[in-house]
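*Asks:* This is the structure I have questions about; it appears just below.
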Amino acid sequence: MQHADKKKIGFAVVGLGKFAVDLMMPAFKETKHARIVALVSGSPDKAARLAREYGVNPRSVYTYENFDTIRDNPEVDVVYVVLPPSMHAEFTVRAAQAGKHVLSEKPMAPTVAECQRMIDACQKAGKKLMVAYRAQYEPFNLDAIARIRRGELGKVMQITADHGRIVDPAGDVADTWRVVQKLAGGGSLMDIGIYSLNAARYLTGEEPTEVTAMEMTDRSDLRFKEVEDRIHFTLRFPGGTLATCTSSYSTEQVKRFRVYGTKA
């Protein structure tokens, strides 16, 4: 989406946690078609500091309580919801009702019902809703998709996809919400297992017709009192591909997929 006059799209960032501040917001400094024009936070001091850094008008800094007044800010085209999953539906609905397009972090929401609420609210408001899955737009993955579509691998028979990291709520404040069921909606599968799942989907270009899964969680580990740790799941696709996928919160970092075809 880009305005006809080539004006940069104005984003309001809702939630100023570690991911937003350290990883996502700095990327806006390199963008050609987007800029940060508003901030929403429960921390006034942090919001004020970041507003100065990103050239945001102090009048465009909001709290969670007065967020709805963002409807009166014509600079804001898109609301980017960068909050724990349990809050995605609330702020997506409020943003749509304020007349703004919405980009929500993943996972979309903890329940199907909340996801549907988000979809319905944006459709009713005539606004776009997108979930911030990035991998299918990255150059290496686009190249892999193109090679598969060209038949370089022959018929795709099998995919393995793994995504894991060690969650450490005691050592990293950004991990605190990830082990709380009420905030996260689930453990490794909800948070990072979606990368394994979506890799199989965008590589095949199909939706799975059958799913089987096994969970392994050490409930004596204080990190996993409420959420799951390791999930191994298998997907069957209508074209004949089988995908074996994993997600984990207790193994060293891994982000990978492999595709096996009849030719390569």
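The values are calculated or read from the model by the stated rules, or taken from the named source; none is laboratory data. Remember, it's a predicted structure, so these values are computed and weren't measured experimentally. FYI the Cβ positions are ideal-geometry reconstructions off the backbone, even for glycines, and counts take in every protein chain you see.
*Asks:* Given the structure, is Arg147 at pLDDT 95 or above, over 20 Å from Lys106 (Cβ atoms) and out of contact with any Ser or Thr (no Cβ under 9 Å at 6 or more places or on another chain)? Please lay out each step first, then the result.
*Replies:* On the way: at pLDDT 95 or above: yes; over 20 Å from Lys106 (Cβ atoms): yes; out of contact with any Ser or Thr (no Cβ under 9 Å at 6 or more places or on another chain): yes.
Yes, satisfied.
*Asks:* Now for a separate question. Which pairs do you get when a residue that is touching a residue at least 60 places away in the same chain (Cβ under 8 Å) and assigned by TED's automatic domain parsing to the domain that holds Tyr80, found in the range 17-45, comes within reach of a residue that is surrounded by 18 or more Cβ atoms within 10 Å (Cβ to Cβ) and part of a strand (DSSP E or B), reach meaning Cβ atoms under 9 angstrom, with the pair 6+ apart or on two chains?
*Replies:* Here the result reads Ala20/Val13; Ala20/Val14; Ala20/Tyr80, each pair linking the range 17-45 to a residue that is surrounded by 18 or more Cβ atoms within 10 Å (Cβ to Cβ) and part of a strand (DSSP E or B).
*Asks:* For the range 138-145, check the following and say yes or no: at least one residue is over 30 Å from Val259 (Cβ atoms) and under 21 Å from the mean Cα position of the chain (by Cα). Can you show your working first?
*Replies:* Keep residues of the range 138-145 that are over 30 Å from Val259 (Cβ atoms), which gives none.
No: the range 138-145 contains no residue that is over 30 Å from Val259 (Cβ atoms) and under 21 Å from the mean Cα position of the chain (by Cα).
*Asks:* Also, quick follow-up: Any residue in the range 85-107 that is on the phi > 0 side of the Ramachandran plot and modelled with pLDDT of 95 or more sitting within a Cβ distance under 7 Å of a residue that is not in a loop (DSSP other than H, G, I, E, B) and not hydrophobic (A, V, I, L, M, F, W, C)? List the pairs, counting only those 6 or more apart or interchain.
*Replies:* Gly99/Arg71
*Asks:* Working only within the range 198-238, note down all residues that are of a type in the set (A, V, I, L, M) and buried (at least 19 other Cβ atoms within 10 Å of the Cβ).
*Replies:* Residues of the range 198-238 that are of a type in the set (A, V, I, L, M), as a first pass: 199-200, 203, 211, 213-214, 216, 222, 227, 231, 235.
Within the range 198-238, Ala199, Ala200, Leu203, Val227, Ile231, Leu235 meet the criteria.
*Asks:* Okay, moving on. Filter the range 40-70 for residues that are within 18 Å of Glu90 (Cβ to Cβ) and either of a type in the set (A, V, I, L, M, F, W, C) or surrounded by fewer than 19 Cβ atoms within 10 Å (Cβ to Cβ) (or both) and give the result.
*Replies:* Let us first name the residues in the range 40-70 that are within 18 Å of Glu90 (Cβ to Cβ), namely 40-42, 62-70.
Residues satisfying the conditions are Val40, Gly42, Thr63, Tyr64, Glu65, Asn66, Phe67, Asp68, Thr69, Ile70.
*Asks:* Taking the condition in contact (Cβ under 8 Å) with a residue 60 or more places away in the chain and not assigned by TED's automatic domain parsing to the domain that holds Phe257, does Ile166 pass? Don't jump to the end; show me each part of the working.
*Replies:* Values: in contact (Cβ under 8 Å) with a residue 60 or more places away in the chain: yes; not assigned by TED's automatic domain parsing to the domain that holds Phe257: no.
The answer is no for Ile166.
*Asks:* Would you confirm whether any residue within the range 155-162 is of a type outside the set (A, V, I, L, M, F, W, C), part of a helix (DSSP H, G or I), over 20 Å from Val81 (Cβ atoms) and modelled with pLDDT of 95 or more? If you could, list the steps in order and put the result at the bottom.
*Replies:* Narrowing the range 155-162 to residues of a type outside the set (A, V, I, L, M, F, W, C): 155, 158, 160, 162.
Keeping just the survivors that are part of a helix (DSSP H, G or I) gives none.
Scanning the range 155-162, I find no residue that is of a type outside the set (A, V, I, L, M, F, W, C), part of a helix (DSSP H, G or I), over 20 Å from Val81 (Cβ atoms) and modelled with pLDDT of 95 or more, so the answer is no.
*Asks:* Being closer than 21 Å to Gln181 by Cβ, without any contact (Cβ under 8 Å) to a residue 12 or more places away in the chain and not in a strand (DSSP E or B), is that true of even one residue in the range 222-230?
*Replies:* Keep residues of the range 222-230 that are closer than 21 Å to Gln181 by Cβ, which gives 222-230.
From what's left, without any contact (Cβ under 8 Å) to a residue 12 or more places away in the chain: 222.
Filter again for not in a strand (DSSP E or B), leaving 222.
Yes, that holds for at least one residue.
*Asks:* Can you tell me which residue among Ala144, Ala174 is part of a helix (DSSP H, G or I) and under 14 Å from Leu203 (Cβ atoms)?
*Replies:* Ala144 is the lone residue from the list that is part of a helix (DSSP H, G or I) and under 14 Å from Leu203 (Cβ atoms).
*Asks:* Okay, next question. If you scan the range 29-53, which residues turn out to be aliphatic (A, V, I, L, M) and under 21 Å from Thr69 (Cα atoms)?
*Replies:* Taking the range 29-53 as the starting set, the residues that turn out to be aliphatic (A, V, I, L, M) are 34, 36-40, 47-48, 50-51.
Within the range 29-53, Ile36, Val37, Ala38, Leu39, Val40, Ala47, Ala48, Leu50, Ala51 meet the criteria.
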